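Novice: Got a structure for you, questions after.
The values are calculated or read from the model by the stated rules, or taken from the named source; none is laboratory data. Just so it is clear, the structure is predicted and the values come from calculations on it, not from any experiment. Virtual Cβ from ideal backbone geometry, glycine too; neighbours counted across all protein chains shown.
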Amino acid sequence: MNDNLISNNLSRILDSIYETEIKTFGKKTGTKLCCVSKFHPKESVISAINSGQLLFGENRVQEAYEKFSELKKSYSNLDLHIIGSLQTNKVKKAVQISSCIQSVDRESLLEEIEKQCSKIDKRIDILFEIHTGEESKSGYKDIESLELSIENFLNGKFPHINPIGLMTMAPFTDDEKIIRKSFSYTYKLKDELNKLYPNLQLTELSMGMSGDYKIAIQEGSTLVRIGTAIFGERNYNV
Ligand SMILES: *Cc1c(COP(=O)(O)O)cnc(C)c1O
């Protein structure tokens, strides 16, 4: 996709985000855009940077590492979030290149992130991924294991980790009611966790992709993750 198309798509999405905020809340609420560049070449990322976009999301660590470790040399304020399910053996590279891991879904992953961050003396943001889609496997399996992770964090087990919110992927369906339910559930869960653990400050809600970001914003998303609507369809054969 060329420069112009990406630039137009970006401003169209940003306008649409603002418009949804105004319609829903009567004012701009500052929803952030994480531009998902997986399967798209470095050149597409550069086009987006040239249009003012600095936050990107990738879900495969090796691909992200190759693309972004180089880009970061030229663009020092570039910011990358890891958004896809993360194998333990990929954590070392993941923490090197990203400022936030949005897809934390188990205690053992937190332990590895802590271990790798302490080695390079880095503090990293994370989001707890909440399982709200039947067919997807990602996300904490149950609230008890999520609460255990939170309690371990509050007890000082993860000094290099900064939990800042929740993330979810809505089920793959055209049924708006089901999608909305996934987002409103995650919103309520964040509220409940903040009440239950006053020392925890979960502020971010990463919800919404190309097909459902408007619903997500209406349900309180603070961070949308959008790929296709900006970069076009992904070619999974490359
Ligand atoms: C790919 C991906 C997105 C972006 O999806 P689009 O439909 O292309 O906007 C968002 N979140 C996650 C976790 C993804 O893997």
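Novice: Taking only pairs six or more apart or across chains, which ones have beta-carbon atoms under 9 Å, a first residue in segment 28-41 that is touching a residue at least 60 places away in the same chain (Cβ under 8 Å), and a second residue that is of a type in the set (Lys, Arg) and outside any loop (DSSP other than H, G, I, E, B)?
Specialist: These pairs meet every condition: Leu33/Arg225; Cys34/Arg225; Cys35/Arg225; Val36/Arg225; Ser37/Lys67; His40/Lys67.
Novice: Right, here's the next one. Is it the case that some residue within segment 146-156 is free of Cβ contacts under 8 Å to residues at least 60 places away in the same chain and touching a Ser or Thr at 6+ places or on another chain (Cβ under 9 Å)? Reasoning before the result, please.
Specialist: Of segment 146-156, the ones free of Cβ contacts under 8 Å to residues at least 60 places away in the same chain are 146-156.
Applying the additional criterion that residues be touching a Ser or Thr at 6+ places or on another chain (Cβ under 9 Å) yields none.
Scanning segment 146-156 turns up no residue that is free of Cβ contacts under 8 Å to residues at least 60 places away in the same chain and touching a Ser or Thr at 6+ places or on another chain (Cβ under 9 Å).
Novice: Here is a further query. Quick one: is Ser184 within 16 Å of the ligand (Cβ to nearest atom) and of a type outside the set (Lys, Arg)?
Specialist: It is false that Ser184 is within 16 Å of the ligand (Cβ to nearest atom) and of a type outside the set (Lys, Arg).
Novice: Right, something else. If I ask for residues that are more than 16 Å from the ligand (Cβ to nearest atom) and either surrounded by fewer than 18 Cβ atoms within 10 Å (Cβ to Cβ) or of a type outside the set (Phe, Trp, Tyr) (or both), which ones from segment 48-68 would you list?
Specialist: Ile49, Asn50, Ser51, Gly52, Leu54, Glu66
Novice: What number of residues within segment 82-123 are under 19 Å from Glu63 (Cβ atoms), touching a Ser or Thr at 6+ places or on another chain (Cβ under 8 Å), modelled with pLDDT of 95 or more and part of a loop (DSSP other than H, G, I, E, B)?
Specialist: Total meeting the criteria: 3.
Novice: While we're here: Out of the residues in segment 205-220 that are under 11 Å from the mean Cα position of the chain (by Cα) and crowded, with 24+ Cβ neighbours inside 10 Å, state the one that is farthest from the ligand (Cβ to nearest atom).
Specialist: Here the answer is Leu205.
Novice: Also, I was wondering about something else. In segment 69-79, is there at least one residue being within 14 Å of the chain's Cα centre (by Cα) and more than 14 Å from the ligand (Cβ to nearest atom)? Even if it seems obvious, please write down each step before you answer.
Specialist: Residues of segment 69-79 within 14 Å of the chain's Cα centre (by Cα): 79.
Retained after the next criterion (residues that are more than 14 Å from the ligand (Cβ to nearest atom)): 79.
Checked against the condition, which is being within 14 Å of the chain's Cα centre (by Cα) and more than 14 Å from the ligand (Cβ to nearest atom), segment 69-79 yields at least one hit.
Novice: Give me the residue from segment 80-113 that is over 17 Å from Phe158 (Cα atoms) and either of a type in the set (Ser, Thr, Tyr) or in contact with a His (Cβ under 6 Å, 6 or more places away or on another chain) (or both) and, out of that set, farthest from the ligand (Cβ to nearest atom).
Specialist: Among them, the one singled out is Ser98.
Novice: For the subset of segment 221-238 comprising residues that are part of a loop (DSSP other than H, G, I, E, B) and within 13 Å of the ligand (Cβ to nearest atom), which member is surrounded by the most Cβ atoms within 10 Å (Cβ to Cβ)?
Specialist: By that ranking, first place goes to Ser221.
Novice: Collect the residues in segment 85-105 that are touching a strand residue (DSSP E or B) at 6+ places or on another chain (Cβ under 7 Å) and not hydroxyl-bearing (Ser, Thr, Tyr), keeping them in residue-number order.
Specialist: Selection gives Leu86, Ala94, Val95, Ile97, Cys100, Ile101, Gln102, Val104, Asp105.
Novice: It is to be established whether one or more residues within segment 188-196 are away from the ligand (no atom under 13 Å from the Cβ), of a type outside the set (Lys, Arg), modelled with pLDDT of 95 or more and within 30 Å of Asn8 (Cα to Cα).
Specialist: No, every residue in segment 188-196 fails to be away from the ligand (no atom under 13 Å from the Cβ), of a type outside the set (Lys, Arg), modelled with pLDDT of 95 or more and within 30 Å of Asn8 (Cα to Cα).
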